[in-house]
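The values are calculated or read from the model by the stated rules, or taken from the named source; none is laboratory data. The structure presented is a predicted model; accordingly, all values stated were derived computationally and were not measured. When we count neighbours, we look across all protein chains shown, and the Cβ atoms used for this are built from the backbone with ideal geometry, even at glycine.
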2 protein chains.
Amino acid sequence: MSINRRKFIQSSALVGAGIAISPSSKASPSKHEKANISKSKINIGIIGSGFRGQSHIDLLLDRNDCEVIAIADIDDRMIASSLAIFKKYGKNEPTVYKDGPHDYKNLLADENIDAVIIATPWKWHSEQAVAAMKAGKYVGTEVCGAFSVDECWQLVNTQEATGTHLFFLENVCYRRDVMAVMNMVSQGMFGELVHLEGGYQHDLREVKFNDGMKAYGGGVEFGEKGFHESKWRTQHSIMRNGDLYPTHGLGPVAQMLNINRGNRLMYLTSMSSQAVGLHNYIVNHPNGGEKHENAKVKFKLGDVVTTMIKCANGESITLFHDTNLPRPYSIGFRVQGTKGIWMDVNKSLLIDGLTEAHQWTSADSWLKKYDHPYWKANEQKAIGAGHGGMDWFLIDEFVNHAKVNKRPPIDVYDAAAWMSITPLSEESIAAGSKAVAIPDFTRGRWMDEN
Amino acid sequence: MSINRRKFIQSSALVGAGIAISPSSKASPSKHEKANISKSKINIGIIGSGFRGQSHIDLLLDRNDCEVIAIADIDDRMIASSLAIFKKYGKNEPTVYKDGPHDYKNLLADENIDAVIIATPWKWHSEQAVAAMKAGKYVGTEVCGAFSVDECWQLVNTQEATGTHLFFLENVCYRRDVMAVMNMVSQGMFGELVHLEGGYQHDLREVKFNDGMKAYGGGVEFGEKGFHESKWRTQHSIMRNGDLYPTHGLGPVAQMLNINRGNRLMYLTSMSSQAVGLHNYIVNHPNGGEKHENAKVKFKLGDVVTTMIKCANGESITLFHDTNLPRPYSIGFRVQGTKGIWMDVNKSLLIDGLTEAHQWTSADSWLKKYDHPYWKANEQKAIGAGHGGMDWFLIDEFVNHAKVNKRPPIDVYDAAAWMSITPLSEESIAAGSKAVAIPDFTRGRWMDEN
């Protein structure tokens, strides 16, 4: 068992303190760490209170160890539904910053705010995270892929210069089966890891298009005529071809592989299929058709984008991005090592010598047996929280780390490495699937963290 | 529905004549086609009568429309067990060519032989296929990957120069579920195809190592001290890193995509994981251990090799090669288009508008409903044949095509394109997953075959 795995198990023992999956609990690689200020209760500001921000608000207001004292958004409808959550919990209304897209800066100027969560459209994440770190807030930022590698460096450089922390809010790292498998990986059940897979395979056609009133489906509108994510997300399918949303699949896999902690992502190559799914959806929809103005739109995003990543310790990763076709939701995890394999899609595994050779065995009883103690201890609290309960753990971890100003388990180096897959996959596809180096955002410190 | 799909359906109607999956039944692209000589009964020679050759002999001797009149092999034990099959069927003993590895040439010199099947170790396939085509035999060759692109061109050039046919004996193209899905593809059930996957994921550790007496397992011997495939196959894992066995996964997928018939394979990129599985097996085996001489052997073959292929019509293909780790057998098919998706590993599918949206539905009833007529008509005969019955169909197709000297449904261009994946994936991996062009072995004729 590697040193990494042993440390992972030790840190898993910290669960009682709510610090569950920090793969490395020793000194942060940041040289400029802020003095530790520990608080029993913190004030939080929300930048972006759309549906995702509202889900976070709901979880935060249900806690005793934080208050949400400010929100920033530009959409009156979303602000109104956010305020309704405060009313539901009988909490004081927050200060609302709604004076245009840059009013969030005034939220950041409020010295009573200890931490912020950013849940805006993708293009705002890094700009707002950089501003928030500079303002000294403990930052949680929703997931996305980057637009450029430079953007990833900006996050790293700002974190190192300011010493404030960035928690990359990848919720799938807290999925119950994923944490159970992480537990099994830590205990060496799969042996030395060899090949892992994951991805974002989600039929988003009713997210990318709607009728401008409902959030999901009912029409083929987007952009100014759309509502919710179709207002901005669909445009990415028109303008870009790459793995636009890599972190749900990559995050858990990277944690299992100790990426940035004794291992790192070295290079990738990406391939995309043709782009036909979204156009087909528009022309075949009862509210669309060949004559609808959106039937003329050309989409660049290949319906299926596949990315292969090589790691410093030899392992390979395959990532999927598949959002334009009719299909069941699937992150498509595969965790494979010298002693066994787990696959998500058939909910099965094989462990050498422990399950029948050459056969799939249902993973159910194994996932129960290795259920992560953090999950087991908080199961009741998590019921009803978003995405099968995992969002409760995400927010719990965020608040617990922010209260003690601790390096997050998913830090700025993870954010940079994971987000960089998007522009690098665009580069690879544009050049006929050429291999592209992935920068070492830790500047060599991944070698000392083993 | 494309012209290809319509033609596929038409050719499926030829099933009664045993010509089942010819994706294109019109004129062969070969300019030098041999005069059609049709026979009601043919004489067949077997080159390589190991376990695979014996499986073919068994199926051939069970038929009335062919005789096996000669076999060539160098291994007395394999010759003896081959002759026992003739005895079992009460058939005349064949002429045996066993005077060294080149005695097969004397078999080819026998003018009474109409067709040959080659089932030797990989390195002999192309040399023997070329010699057999030059000798005017209708050639069936077992599957493998090529050693070089030049070898693939040799096959094509020889076929075109001699006008004799080469049937590439890819049995997975005749798997019942695969043919049912091919049937669904032909009828447009998946819409326009977008992304397909397949591969060879088979724990071969007990094939690559045995005790020198049994064919499978019981020790960590190979090469001169091994038996059966471990005598020669294991050496490939020591010397080569690439997708060594691409055609079980690629063959069916290429047929669904009309490769070489209106579409073609354009370029690929491959990635391999580290190579640790086989060494681990040796040192952990009760008859192996750290001190066994084979513990010193260094293996080059990455435990998991992944290859992405881009097609001329835009589709992407992902291939897996995974033979050194404990895992269940899985070809891992995925067939995905604008109207639906089928996956092999969870035996499930989704068809837009016909099954529940966003959910997997068991594929069972769909595969029964679209069961290929060729399978349905011959189910009883196929019972007991190798690999779940598919080998019966493979041999039936081979004999039926050989009798009428017809262009095979899996021809020399398919053989060349599919086999070329091996050397090209080796080249890609050796150069850090660079993209590598796949030659057009049809010399442009794929464009006329649509």
Any chance you could count how many residues in the stretch B:329-346 are outside any strand (DSSP E or B) and more than 8 Å from every other protein chain (Cβ to nearest Cβ)? 4
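Quick one: how many residues across the stretch A:42-61 are among the hydrophobic types (A, V, I, L, M, F, W, C) and part of a helix (DSSP H, G or I)? I'd like the intermediate steps shown before the answer.
Going through the stretch A:42-61, the residues among the hydrophobic types (A, V, I, L, M, F, W, C) turn out to be A:42, A:44, A:46-47, A:51, A:57, A:59-61.
Subsequent filtering for residues that are part of a helix (DSSP H, G or I) retains A:51, A:57, A:59-61.
Residues meeting the conditions: 5.
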Just wondering, is there one or more residues in the stretch A:131-146 that are surrounded by 24 or more Cβ atoms within 10 Å (Cβ to Cβ) and either over 24 Å from A:PRO408 (Cα atoms) or more than 23 Å from the chain's Cα centre (by Cα) (or both)? no
Candidate set from the stretch B:166-207 (those that are assigned to a helix (DSSP H, G or I) and closer than 28 Å to B:TRP153 by Cα); member that is farthest from the chain's Cα centre (by Cα): B:TYR174
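Determine, yes or no, whether A:ASP364 is within 12 Å of chain B (Cβ to nearest Cβ) and of a type in the set (Asp, Glu).
no
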Those residues of the stretch B:418-450 that are buried (at least 19 other Cβ atoms within 10 Å of the Cβ) and more than 30 Å from A:GLU315 (Cβ to Cβ) come to a total of 4
I want to confirm something. Restricting to the stretch B:264-289 and keeping residues that are within 24 Å of B:TYR216 (Cβ to Cβ) and not in a helix (DSSP H, G or I), which single residue is nearest to the other protein chains (Cβ to nearest Cβ)? B:VAL276
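For (1) free of Cβ contacts under 8 Å to residues at least 24 places away in the same chain; (2) over 30 Å from B:TYR374 (Cα atoms); (3) not basic (Lys, Arg), each residue gets a yes or a no:
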| site | (1), (2), (3) |
| --- | --- |
| B:ILE113 | no, no, yes |
| B:ALA132 | no, no, yes |
| B:GLY140 | no, no, yes |
| B:SER148 | no, yes, yes |
| B:THR164 | no, no, yes |
| B:GLU170 | no, no, yes |
| B:ARG175 | no, no, no |
| B:VAL185 | no, no, yes |
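Looking at the structure I just gave you, is B:TYR267 at pLDDT 95 or above, out of contact with any helix residue (DSSP H, G or I) (no Cβ under 6 Å at 6 or more places or on another chain) and closer than 19 Å to A:SER272 by Cα?
yes
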Out of A:GLY218, A:GLY249, sole residue that is more than 13 Å from chain B (Cβ to nearest Cβ) and either more than 25 Å from B:GLN274 (Cα to Cα) or surrounded by fewer than 19 Cβ atoms within 10 Å (Cβ to Cβ) (or both): A:GLY218
Of the conditions (1) within 8 Å of another protein chain (Cβ to nearest Cβ); (2) farther than 21 Å from B:HIS248 by Cβ; (3) polar (S, T, N, Q), B:GLN380 satisfies every one except a single condition; which number is it? (1)
Quick test of your reading of the structure: A:SER126 fulfils all but one of (1) within 25 Å of A:HIS248 (Cβ to Cβ); (2) touching a Gly at 6+ places or on another chain (Cβ under 9 Å); (3) among the polar types (S, T, N, Q). Name the failing condition by number. (2)
First in the stretch A:73-96 and in the same structural domain as A:ILE57 (by TED's automatic domain parsing), second anywhere and in a helix (DSSP H, G or I) and among the acidic types (Asp, Glu), Cβ under 8 Å, 6 or more apart: A:ILE85/A:ASP58
Check the stretch A:227-236 and report whether any residue there is more than 14 Å from chain B (Cβ to nearest Cβ), modelled with pLDDT of 95 or more and in contact with a strand residue (DSSP E or B) (Cβ under 7 Å, 6 or more places away or on another chain). yes
Kindly indicate which of A:HIS125, A:HIS165, A:HIS195 is over 23 Å from A:ASP391 (Cα atoms), crowded, with 19+ Cβ neighbours inside 10 Å and of a type outside the set (D, E, K, R). A:HIS195
Provide a single number: the residues in the stretch B:300-328 that are in a strand (DSSP E or B) and farther than 30 Å from B:VAL276 by Cα. 1
